[in-house]
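Take a look at the structure below.
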């Protein structure tokens, strides 16, 4: 029986979406709690919706302009009849829609989780996990649906010109960057502002309803950690799949393939294989997720880990079966399956590494707690150096993954270098195929964080708080491990995309006969060698971008947080009876401040991320642009690990002290740790995660505009 | 008249050394102050000498082993008869000796500066500047002497095999890294320890004689900021000269030179030119330095800036004249002079940039002071993001310098790429030729810092403190600008060294006929292209190293500072009458703690820096090693700028508050800024500066061992 694998991919996507709908009905059928809980949850939902609609209203005209530019400067000259522009619009629209659907559910799940917590841990975990799974399934479902339908619609164009797929990725990247930047600023402006006045000055607990910024803080968890992370991982999924598809397409266009490969390229198997990995991951994620159920008696963290392991194993089994079927037993299937194993193992290992550096069960975080005894300075030095240190094992995993997956493809294909790189892309795609499972585990974090807030604000009794507190702490760790997953996948995807970029540069040079312009003999290829000063200059510019971008975001949070601090102080001062609970704080005003700041601060980093690669490309040429792409990853991946892990570690160092260690709450040690947490907040939730998006925007915009860059570059 | 330019270089070196001797006599003839001042100064001198002799005792056997390894594995197989090993020993010995001489004078100058401050600003500035100039002249004098004598002794070997010069650079690098790491840990363990207990807990002022760690703190200024910075800049000078000499030699060996160049390569002009730039810089530095004199009435910072400008202009005039003479009017002399101008302009611009981000006369530092009003967390976020931001203009300067100097050489030579890179090396050498002037300005900082301490401890009256306080604040800024100079030169030198490395790799492949091993056709050259996963993996490993290295150093300071804190607390508790000034603190114990910690923490980072490039080279081959070299610069230069500038900015934000801004001393705002300063201390004085040394050790060890790596690499 002949299987149409592109239809299989569509089928997999539909399975994810149908499962998401089932989960939505399941979640909505749960008890939403007391009227007070529903009122709070409604306010959060309203704030989140208001933010998202303002955000989308800002993005929409930008997206239209970019789409028009792509159509005019790329599709028309290339004769690709709008493929790239359509891809851009589809990629952007699906990302926005996935974020909307996912967030619409997470905001509805939190009051239900708080309600379920009354019945115990298993119930609360199950409800919040299912809410998170809606986001996970929406992300992979819409991601794979877009990819496979786009492939079916433009199969001919893509086979002849694989890079036309890149528009889809650029659309996803642009949305992700907007969401990451503004979501990150929103959530931390509210959080830092609420903490600095509430906890530090007024000495009221977290999530206290008397704090005017409390609703904004809860909205922030949804727009930053749910919608932002969703858009980020959606982008990773789509961009990685596209990188693998493009590389597969390039291998197929290669005229000098080893004999062994010739039989498998005829029917686009190398293009289809990455999409089938996505299908396997969806099924694995769904089945593994079923392990999380109400009757569960084990520790929640252990249960979540086991659920992920089940998903991983099932995914690998399906990977193997689909690979055998697709490649019809060609030996290359075993080598590529080896790469898929590498990708899945990377997920497991990198989660362990992030867990080690950010959970208070291990020495690094305990050391930060200990260092808080001598004050905020030593707390901070310990936290920051822990972040720096965590980059090391992460880098080892990255390097080993690149080398092993490369050599699997290289030797498996009889020494074809491009197949080696394709094999690395396959490992990355296998890694990303677990996105459904990872997002379910990640999104349950902000849901429980919100549930915790609702429980506090609605004054639910103690045993509910015990359940939601424990889930909240676990959420901190899973958020950190998801970020490590996102950083690692961005780095691996960038390596694949660079290869596609370089191939496309040379194809364009050949197509337009620009050999003389680039100082090449006819038929010679342009090399991106480190001895070329253009490459070095590109590497430096690229290496700078994550630093400058982070600087901007941290400062933006600072500016917004100061506005929030002043507003909260004003309300405490001016609203009579607010501290006694008789006067009602003006929550909406704080929500407005966060929303306005997040939208306002969007322009500068977006312009930086979009204009730098174009300026470098058109001025200094494709070789410098190639250097920029790699440079941004080389410095960005380590800066991202440093920022996200140090922030998470400092957060949990505070939480460890709150369990009673080193004197517990109310001591100077705890106050020092709260300071450290405040510093770590924009590190881990704004600047660190936004670096991923930056790296991917740089990659996708470069590959979309590569033809124009090659033709019009000035000083090459 | 035929000039022997190598003898000219020897002459220039001797001029520097003779001038240093004159300055030594001049300084020693000054009044060393009251017996109390001499007693304190004697204790500091004793501590500094004890540290240096223990340090050298640890380094000596390591240096012997490394020299033996170089002789056995490099000189014997290459048939270079010990040239590389001898170079290593000479480079290391001269670096150690220059550091010793310079520090011997700085420790003697501080009490004399305090004494001179009684007569006013002009006197104090002149004495401290002359003391600093001894260090400056010792560094360039010994540096140029070693280079020129080595060239004269081994002229034949070097012309045939330019890379044999590299041993000299590796010797300098190894000493510099040891001095930077241990000096950095020493000075900050003492400083942080003294501040945390003295200023924060016991509430006594800086440099109070009741603080047991006060002598150790003053010793630290000398061993970290004088000896450490001296070794660092000595290394930059030597390594940059060597890179330029090697590239000049490689151009001369090039068989396909443009006709215009053939006439200038016959007599080694391209090898000699960088050395003559060093001579010009020495004369310019001496003459410019004469501007600083007792009768000076202008503001000290303005005077120092003007002195530097005079040095720069004189140096350029001499550069032009020597270039005309050396190249006999060949047009290439104008192009290369253009590159020298680029190098000098970079010095001026980068000093302005560092000044802008670290002086409290400008908005960034004032913003940090302002942010201190909301506590240590916002102080720290503002300081760190300022550091991140400062990387941007620095990167622009770097990129423009590389491109402009490259194109000057490239077009000037009729499109020879290697001449383009040589031209960048010329710009770097012109930059470094101002080392004498820069070091004079830098070393006066720790001298006045010590003078300030002596004035405080000896109870000199108020107007002395006014003078030494102002000079101390200026010293903070000049220290920051010198670090920017060191980072920038390390980055530029690394670009040149990479080119030499790559040429040498291919020469070795050809020499040993290893084309098949590297998958090359006979005669083909190995390319370091970004599409090769080995390059990518090398870039990631290299990119990681500065992060991991920084993490280690910050943690080492933390460990040592905690020991110091406990000792100071113990003395306050156990020594009767210590707080009343009747009991004498045990200064020697604190000196011992810093010394022991600095020596003990040396091994791990040294092993990391030396073993990683060798492991990558022998395991993954020269291509991965090349990637590592560039990767370490791409991430390292930005991390170094971030750490050094954020630390200096936070220090000066504290100083700005101490001038009375935002409430001044004794307010919570000031306490927050003190916290920020404590965090910034190991950033700016330990981790940040050590990254330079790391980058250069990686470079020099790789180029020394390149032949062995090419022959024995396993997985290439």
Exercise for review: Could you pull the copy-to-copy label distances for residue B:348, with points set 7 Å along Cα to Cβ, in nm to one decimal and sorted shortest first?
Suggested key: 6.3
Review point. What are the extents of the Cα atoms of segment B:509-626 along their three principal axes, listed from largest to smallest and rounded to whole Å?
Key: 82, 26, 17
Check your understanding: Using a label point 7 angstrom from Cα along Cα-to-C-beta, what distances in nm, from shortest up, separate residue A:3 from the other copies?
Key -> 7.9
Point to revise | Relative contact order [Cα under 8 Å, 6+ residues apart], chain B, whole percent | key: 21 percent
Check your understanding: In whole Å, what three semi-axes, largest first, describe the equivalent ellipsoid of segment A:264-342 built from its Cα gyration tensor (square root of 5 times each eigenvalue)?
Key -> 31, 11, 8
Check your understanding: Where the centroid of each part is defined by its Cα atoms, how far is segment A:477-534 from segment B:529-590 in Å?
Key -> 40 Å
Practice item. List the pair-distance distribution P(r) of segment B:1-118, using every Cα-Cα distance, as the percent of pairs falling in each 5 Å bin from 0 up to the bin containing the longest distance, rounded to whole percents. Key: 2, 9, 13, 13, 13, 13, 13, 9, 6, 5, 2, 1, 0
Practice item. Could you work out the relative contact order of segment B:424-514, using alpha carbon pairs under 8 angstrom and six or more residues apart, expressed as a whole percent? Key: 38 percent
Exercise for review: Please state, as a whole number in µm²/s, the translational diffusion coefficient that the Stokes-Einstein equation yields for segment A:609-716 at 25 °C and 0.890 mPa s, with Rh defined as the Kirkwood radius across alpha carbon pairs.
Suggested key: 153 µm²/s
Check your understanding: Expressed as a whole number of Å, what is the distance separating the alpha-carbon centroids of segment A:58-81 and segment A:185-259?
Key -> 26 Å
Revision key, fill the gap. On each of the three principal axes the extent of the alpha-carbon atoms of segment A:324-435, given in whole Å and largest first, is 64, 24, 17
Review point. For segment B:83-127, what value does the Rg/Rh ratio take when both radii are computed over Cα atoms and Rh is the Kirkwood radius, given to two decimals?
Key: 1.35
Check your understanding: Which value results for Rg/Rh of segment A:625-668 when Rg is the Cα radius of gyration and Rh the Kirkwood radius based on the inverse mean 1/r?
Key -> 1.38
Practice item. Let me know the Rg and Dmax you get for segment B:438-544 when you use only its Cα atoms, in Å. Key: 25.4, 78
Practice item. Note down, for segment B:79-159, the three equivalent ellipsoid semi-axes (square root of 5 times each alpha carbon gyration tensor eigenvalue), biggest first, whole angstrom. Key: 39, 11, 5
Review point. To one decimal in nm, how far is residue A:69 from the same spot in the other copies, if labels go 7 Å from Cα toward Cβ? Please give the shortest first.
Key: 5.2
Practice item. Please work out the C-alpha center-to-center distance from segment B:644-716 to segment A:330-395 and express it in whole Å. Key: 24 Å
Review point. When the gyration tensor of segment B:129-225 is built from Cα positions, what are the square roots of 5 times its three eigenvalues, in whole Å, from largest to smallest?
Key: 43, 15, 6
Revision key, fill the gap. Cα-based Debye curve of segment A:1-52 sampled at q = 0.24, 0.29, 0.30, 0.31 Å⁻¹ gives log₁₀ I(q)/I(0) of -0.94, -1.00, -1.02, -1.03
**Study point:** Peptide-level mean, for B:389-396, of C-beta atoms on other protein chains within 10 Å
**Key:** 5
**Study point:** chain A: C-alpha pair distances exceeding 42 Å, %
**Key:** 23 percent
Check your understanding: Taking Cα atoms, how many degrees apart are the long axis of helix B:166-194 and the longest axis of chain B, rounded to 10 and kept between 0 and 90?
Key -> 20 degrees
Review point. Taking each residue of A:632-644 in turn, how many C-beta atoms of other protein chains fall within 10 Å of its C-beta, and what is the average?
Key: 5
Revision key, fill the gap. If N is the residue count of segment A:426-473, its Cα Rg over 2.2 N^0.38 Å rounds to 1.60
Practice item. Please pull out the direction-averaged projected area of segment A:312-363, using the convex hull of its alpha-carbon atoms, in nm² to one decimal place. Key: 4.0 nm²
Check your understanding: How would you rank A:165-178, B:499-512, highest first, on the average number of other Cβ atoms within 10 Å across their residues?
Key -> A:165-178, B:499-512
Check your understanding: Given segment B:231-379 reduced to its alpha-carbon atoms as identical point scatterers, what log10 I(q)/I(0) does the Debye formula return at q = 0.12, 0.17 Å⁻¹?
Key -> -0.68, -1.03
Study note, to complete from the structure: Inter-chain shielding metric for A:366-379, i.e. average beta-carbon neighbours from other chains within 10 angstrom, reads 5
Revision key, fill the gap. When all Cα-Cα pair distances of segment A:384-475 are considered, the percent exceeding 21 Å is 60 percent
Practice item. Give the dimensionless ratio obtained when the Cα radius of gyration of segment B:194-285 is divided by 2.2 N^0.38 Å. Key: 1.99
Point to revise | Kirkwood Rh and Cα Rg combined as Rg over Rh, evaluated for the protein assembly as shown | key: 0.98
Check your understanding: If we sort A:671-683, B:662-674, B:220-232 on the protection proxy, mean other Cβ atoms within 10 Å, highest first, what's the order?
Key -> B:220-232, A:671-683, B:662-674
Study note, to complete from the structure: Taking N as the number of residues in segment A:663-716, the ratio of its alpha carbon radius of gyration to 2.2 N^0.38 Å works out to 2.17
Review point. Ranked highest first by the average count of other Cβ atoms within 10 Å around their residues, in what order do A:48-56, A:268-276 fall?
Key: A:268-276, A:48-56
Exercise for review: Starting from the coordinates of the alpha-carbon atoms of segment B:29-94, obtain the Kirkwood hydrodynamic radius over all distinct pairs and give the value in Å to one decimal.
Suggested key: 14.7 Å
Practice item. For a label point 7 Å from the Cα of residue B:603 along Cα→C-beta, name the residues of segment B:36-57 whose backbone N is under 17 Å from it. Key: B:55-57
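Throughout, read-outs are computed from the coordinates displayed, never taken from laboratory work. The structure displayed is predicted, hence computed values, not measured ones. Reconstructed Cβ throughout: ideal geometry from the backbone, glycine too, with neighbour counts over all protein chains shown.
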